[in-house]
Amino acid sequence: MPGQNICALYISRQKGSVGFLWDRSALAGIVFQDDGWNLPPRQTKAAIRIGSTWVSGDTEIDWFEATENKDEVIVPLRYFPVESLLSTAGSVSLYRDGADSSVSLDKTKMPKLLEAVQTCRQHLK
(Lines give C-alpha, C1' and ligand atoms only; values in the text may rest on other atoms or scores of the structure.)
Protein backbone atom coordinates (compact mmCIF):
# COMPACT_ATOMS: atom_id res chain seq x y z
CA MET A 1 0.00 0.00 0.00
CA PRO A 2 1.70 3.25 -1.09
CA GLY A 3 2.32 5.82 1.65
CA GLN A 4 1.69 3.30 4.42
CA ASN A 5 3.18 4.50 7.71
CA ILE A 6 2.09 1.76 10.11
CA CYS A 7 2.55 -2.00 10.22
CA ALA A 8 -0.06 -3.94 12.16
CA LEU A 9 -0.28 -7.40 13.66
CA TYR A 10 -3.79 -8.43 14.73
CA ILE A 11 -4.51 -11.58 16.69
CA SER A 12 -8.19 -12.51 16.96
CA ARG A 13 -9.79 -14.99 19.30
CA GLN A 14 -13.42 -15.95 19.90
CA LYS A 15 -14.79 -12.63 21.10
CA GLY A 16 -11.74 -10.43 21.41
CA SER A 17 -8.57 -9.40 19.67
CA VAL A 18 -5.35 -7.53 20.20
CA GLY A 19 -3.56 -5.43 17.62
CA PHE A 20 0.03 -4.19 17.69
CA LEU A 21 0.88 -1.12 15.63
CA TRP A 22 4.45 -0.28 14.66
CA ASP A 23 5.98 2.64 12.84
CA ARG A 24 9.47 2.44 11.38
CA SER A 25 11.31 2.98 14.66
CA ALA A 26 9.25 1.26 17.37
CA LEU A 27 5.95 0.00 18.68
CA ALA A 28 3.42 2.84 18.37
CA GLY A 29 0.45 1.36 20.20
CA ILE A 30 -1.67 -1.61 21.18
CA VAL A 31 -5.43 -1.96 20.60
CA PHE A 32 -7.61 -4.38 22.55
CA GLN A 33 -11.08 -5.17 21.18
CA ASP A 34 -13.83 -7.17 22.85
CA ASP A 35 -17.31 -7.78 21.41
CA GLY A 36 -18.74 -7.71 24.93
CA TRP A 37 -17.67 -4.15 25.63
CA ASN A 38 -19.87 -1.09 25.08
CA LEU A 39 -17.63 1.64 26.43
CA PRO A 40 -18.40 5.37 26.35
CA PRO A 41 -15.63 7.48 24.81
CA ARG A 42 -13.27 8.47 27.61
CA GLN A 43 -9.66 8.59 28.73
CA THR A 44 -8.49 5.96 31.19
CA LYS A 45 -5.32 4.30 32.48
CA ALA A 46 -4.26 0.83 31.40
CA ALA A 47 -1.43 -1.61 32.06
CA ILE A 48 -0.29 -4.30 29.67
CA ARG A 49 1.39 -7.63 30.31
CA ILE A 50 2.96 -9.76 27.60
CA GLY A 51 3.32 -13.26 28.99
CA SER A 52 4.57 -12.69 32.55
CA THR A 53 6.34 -9.39 31.77
CA TRP A 54 4.77 -5.98 32.36
CA VAL A 55 5.23 -3.46 29.56
CA SER A 56 7.17 -0.88 31.56
CA GLY A 57 10.50 0.81 31.99
CA ASP A 58 11.47 -1.65 34.71
CA THR A 59 9.99 -4.64 36.56
CA GLU A 60 7.18 -2.65 38.14
CA ILE A 61 3.77 -2.11 36.60
CA ASP A 62 3.35 1.06 34.49
CA TRP A 63 -0.04 2.66 33.88
CA PHE A 64 -0.40 4.25 30.44
CA GLU A 65 -2.90 6.76 29.14
CA ALA A 66 -5.54 4.93 27.09
CA THR A 67 -8.74 5.71 25.20
CA GLU A 68 -11.92 3.68 25.51
CA ASN A 69 -14.51 3.79 22.76
CA LYS A 70 -17.30 1.30 22.08
CA ASP A 71 -15.66 -2.14 21.86
CA GLU A 72 -12.02 -1.13 22.06
CA VAL A 73 -9.30 0.23 24.31
CA ILE A 74 -6.43 1.98 22.52
CA VAL A 75 -3.11 2.30 24.34
CA PRO A 76 -0.70 4.54 22.42
CA LEU A 77 2.79 3.86 23.67
CA ARG A 78 6.36 4.06 22.54
CA TYR A 79 8.18 1.05 23.81
CA PHE A 80 11.48 -0.71 23.34
CA PRO A 81 11.00 -3.70 21.02
CA VAL A 82 8.29 -6.05 22.24
CA GLU A 83 9.15 -8.62 19.58
CA SER A 84 11.29 -10.69 21.94
CA LEU A 85 8.47 -10.79 24.50
CA LEU A 86 5.87 -11.67 21.86
CA SER A 87 7.99 -14.46 20.42
CA THR A 88 7.79 -16.47 23.65
CA ALA A 89 4.61 -15.26 25.37
CA GLY A 90 1.45 -17.32 25.66
CA SER A 91 -0.83 -14.30 26.06
CA VAL A 92 -1.22 -10.53 26.03
CA SER A 93 -3.27 -9.01 28.84
CA LEU A 94 -4.88 -5.62 29.40
CA TYR A 95 -5.54 -4.41 32.93
CA ARG A 96 -7.73 -1.42 33.68
CA ASP A 97 -10.64 -0.32 35.79
CA GLY A 98 -13.60 -2.50 34.89
CA ALA A 99 -12.63 -4.53 31.84
CA ASP A 100 -9.56 -6.70 31.97
CA SER A 101 -8.91 -8.72 28.84
CA SER A 102 -6.48 -11.40 27.80
CA VAL A 103 -5.78 -12.77 24.32
CA SER A 104 -3.87 -16.02 23.92
CA LEU A 105 -0.98 -16.21 21.47
CA ASP A 106 0.13 -19.16 19.37
CA LYS A 107 3.84 -19.44 20.14
CA THR A 108 4.43 -21.60 17.06
CA LYS A 109 3.14 -18.90 14.69
CA MET A 110 4.64 -15.82 16.35
CA PRO A 111 8.17 -16.01 14.83
CA LYS A 112 6.79 -15.96 11.27
CA LEU A 113 4.28 -13.21 12.09
CA LEU A 114 6.98 -11.07 13.70
CA GLU A 115 9.26 -11.65 10.71
CA ALA A 116 6.48 -10.32 8.46
CA VAL A 117 6.12 -7.24 10.69
CA GLN A 118 9.88 -6.61 10.46
CA THR A 119 9.74 -6.87 6.66
CA CYS A 120 6.81 -4.44 6.61
CA ARG A 121 8.64 -1.93 8.85
CA GLN A 122 11.65 -1.90 6.50
CA HIS A 123 9.36 -0.47 3.81
CA LEU A 124 7.99 2.36 5.94
CA LYS A 125 9.10 5.93 5.35
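The values are calculated or read from the model by the stated rules, or taken from the named source; none is laboratory data. This is a predicted model, so every value here is computed, not measured. As a convention, Cβ positions derive from the backbone with ideal geometry for all residues, glycine included, and neighbour counts pool all protein chains shown. Note: areas computed on protein heavy atoms with side chains; ligands, DNA, RNA excluded. Shrake-Rupley method; radii C 1.70, N 1.55, O 1.52, S 1.80 Å.
Descriptive notes on the structure:
- Restricting attention to the range 72-84, the residues that are modelled with pLDDT of 90 or more and open to solvent by less than 50 Å² (accessible area, probe 1.4 Å) total 2.
- Matching residues in the range 1-38 - criterion: being under 12 Å from Leu94 (Cβ atoms) and either at pLDDT 90 or above or of a type in the set (Val, Ile, Thr) (or both): Ser17, Val18, Gly19, Ile30, Val31, Phe32, Gln33, Asp34, Trp37
- Number of positions in the range 12-56 that are open to solvent by 10 Å² or more (accessible area, probe 1.4 Å), of a type in the set (A, V, I, L, M, F, W, C) and part of a strand (DSSP E or B): 5
- When Thr88, Thr67 are checked against the criterion of being modelled with pLDDT of 95 or more and surrounded by 13 or more Cβ atoms within 10 Å (Cβ to Cβ), a single residue qualifies: Thr67.
- For the range 105-118, the set of residues classified as under 16 Å from Leu21 (Cβ atoms) and either open to solvent by less than 70 Å² (accessible area, probe 1.4 Å) or more than 16 Å from the chain's Cα centre (by Cα) (or both) consists of Leu113, Leu114, Ala116, Val117, listed by residue number.
- Qualifying positions in the range 68-105 - in contact (Cβ under 8 Å) with a residue 12 or more places away in the chain and either among the charged types (D, E, K, R) or on the phi > 0 side of the Ramachandran plot (or both): Glu68, Lys70, Asp71, Glu72, Arg78, Glu83, Arg96, Asp97
- Test: residue in the range 74-81 that is part of a loop (DSSP other than H, G, I, E, B) and in contact with a Ser or Thr (Cβ under 7 Å, 6 or more places away or on another chain): no
- Residue satisfying all of: in the range 91-104; over 19 Å from Cys7 (Cβ atoms) and modelled with pLDDT of 85 or more; most open to solvent (accessible area, probe 1.4 Å) among these: Ser102
- For beta carbons closer than 8 Å, sequence separation of 6+ or different chains, a first residue in the range 32-50 that is over 19 Å from Val103 (Cβ atoms) and in contact (Cβ under 8 Å) with a residue 40 or more places away in the chain and a second that is open to solvent by 80 Å² or more (accessible area, probe 1.4 Å) and among the charged types (D, E, K, R), the qualifying pairs are Lys45/Glu65; Lys45/Asp97.
- Subset of the range 1-11 (residues that are among the aliphatic types (A, V, I, L, M), outside any strand (DSSP E or B) and touching a residue at least 12 places away in the same chain (Cβ under 8 Å)): Ile6
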